[in-house]
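To start, the structure itself, in structure tokens.
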Amino acid sequence: MEKIVVCGVGAIGSHLLFLMRNDPNEIDVIDFDKVESKNLNSQFYTKQVVGKNKAEAITLLMLNFFNKKLGLYRFKLVRENIETVLKNKTLVIDCFDNQESRLLVRDYCKSNSIPSLHAGISDDGEYGQVNWGEFFTPDKEEAGVATCEEGVDLLPMFTKIASCIAQEAKNYFETKEKRMYMISKFNVTARKVN
């Protein structure tokens, strides 16, 4: 059995877990943020979990809806606790929405030879990417409203990115081949990278 951790369970990460509900592997989640009403438009949460920690909320939803058990970490991932969360994982999936956390995950995984998949969406929501750690450089952050707060208009893009991650994780465990994905509103392009 593989050991996967999903880092960040917001707009992309929460939909990824919905798509991985039948995955037989052990999955942990980490997020320190709380579910807010504005998240209900773009993230896989219900009104009943508003105010709860996102890692706890997604764990409850996955168990109640699909009988899928997840491990959870309710704190912010930082240098001082990263080993506790990522050590002994066979795949780390980065769905964080900030450059600092993305770099922390990428660098830890690289220095410890842990495969990592990174997913993100452009500030304007026009394109997304799924990339392996050795090829991943996070975009610089722009000041302004987070893309995940724009909600309904971007929901198809969030789920399209999440489905590429879910498919890539499945393919990787079956074949050990790696692909990177570029996603637009109308197209998904995958390219083998190993």
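The values are calculated or read from the model by the stated rules, or taken from the named source; none is laboratory data. Note that the coordinates shown come from a computational prediction; the quantities given were computed from them, not determined experimentally. When we count neighbours, we look across all protein chains shown, and the Cβ atoms used for this are built from the backbone with ideal geometry, even at glycine. We work out accessible area using only protein heavy atoms, side chains counted, and drop any ligands, DNA or RNA first. Shrake-Rupley method; radii C 1.70, N 1.55, O 1.52, S 1.80 Å.
Just report the Cα centroid separation between the range 44-71 and the range 81-113, whole Å.
22
Estimate the FRET efficiency between Lys76 and Asp124 by the formula 1/(1 + (r/R0)^6), using the beta-carbon distance for r and 25 Å for R0, to the nearest 0.05.
Efficiency, rounded to the nearest 0.05: 0.40.
Straight-line reach from Lys38: which aspartates and glutamates fall under 17 Å, measuring Cα to Cα and dropping same-chain residues less than 8 apart?
Asp97, Glu149, Glu150, Asp153
For the chain, list the DSSP H helices whose alpha carbon atoms reach 20 Å or more along the long axis and whose average Kyte-Doolittle value is -1.0 or above?
Qualifying helices, which must be both long enough and hydrophobic enough, are 155-175.
Carbon-plus-sulfur fraction of the accessible area of the range 1-136, 1.4 Å probe, in percent? Mind dumping the intermediate values first?
On the way: 2960 of 6300 Å².
Roughly 47 percent of what the probe reaches on the range 1-136 is carbon or sulfur.
Under a 1.4 Å probe, what is the accessible area of the chain per residue, stated in Å²?
51
Using alpha-carbon pairs under 8 Å, 6+ residues apart, how would you state the relative contact order of the chain in percent? The partial results should precede the final answer.
Working: 367 pairs, mean separation 42.6, N = 194.
It comes to 22 percent, rounded to a whole number.
Run the numbers for Asp23 and Phe65: contour at 0.36 nm per residue of separation, minus the present Cα-Cα distance, in nm.
13.7 nm
Based on Cα positions only, what radius of gyration and what Dmax would you give for the range 1-78, in angstroms?
Using the Cα atoms of the range 1-78, the pair Rg, Dmax is 11.4, 36 Å.
Return the calculated 222 nm mean residue ellipticity for the chain, to the nearest 500 deg cm²/dmol, obtained by summing -39500 (n - 2.57) across DSSP H runs with n ≥ 4 and dividing by the residue count.
-9500 deg cm²/dmol
Mind checking which aspartates and glutamates have their Cα closer than 12 Å to the Cα of Lys178? Skip sequence neighbours fewer than 8 apart in that chain.
Glu134, Glu168
Over the range 16-126, one equal point on each Cα, no solvent: what is log10 I(q)/I(0) by the Debye formula at q = 0.12, 0.15, 0.22, 0.23 Å⁻¹?
Treating every Cα as an identical point scatterer, log10 I(q)/I(0) equals -0.44, -0.70, -1.40, -1.46.
Provide the three semi-axes, in whole Å and in decreasing order, of the ellipsoid equivalent to the chain as defined by the square roots of 5 times the Cα gyration tensor eigenvalues.
Numbers: eigenvalues 95, 80, 58 Å².
Equivalent ellipsoid of the chain: 22, 20, 17 Å, largest first.
Return the FRET efficiency for the residue pair Lys38, Lys3: r is the Cβ-Cβ distance, R0 is 45 Å, and the value is rounded to the nearest 0.05.
Numbers: r = 33 Å, r/R0 = 0.72.
The calculated FRET efficiency here is 0.85.
Return, for the Cα atoms of the range 65-105, the radius of gyration and Dmax in Å, separated by a comma.
That works out to 11.8, 34 Å for Rg and Dmax.
GNM on the chain, C-alpha springs below 10 Å: top fluctuator among Leu17, Leu60, Leu117?
Of Leu17, Leu60, Leu117, the Gaussian network model singles out Leu60 as fluctuating most.
List the pairs from Lys89/Lys185; Lys76/Lys185; Lys110/Lys140; Lys110/Lys192 whose alpha-carbon separation is above 26 Å, in the order I gave them.
Beyond 26 Å between Cα atoms: Lys89/Lys185; Lys76/Lys185.
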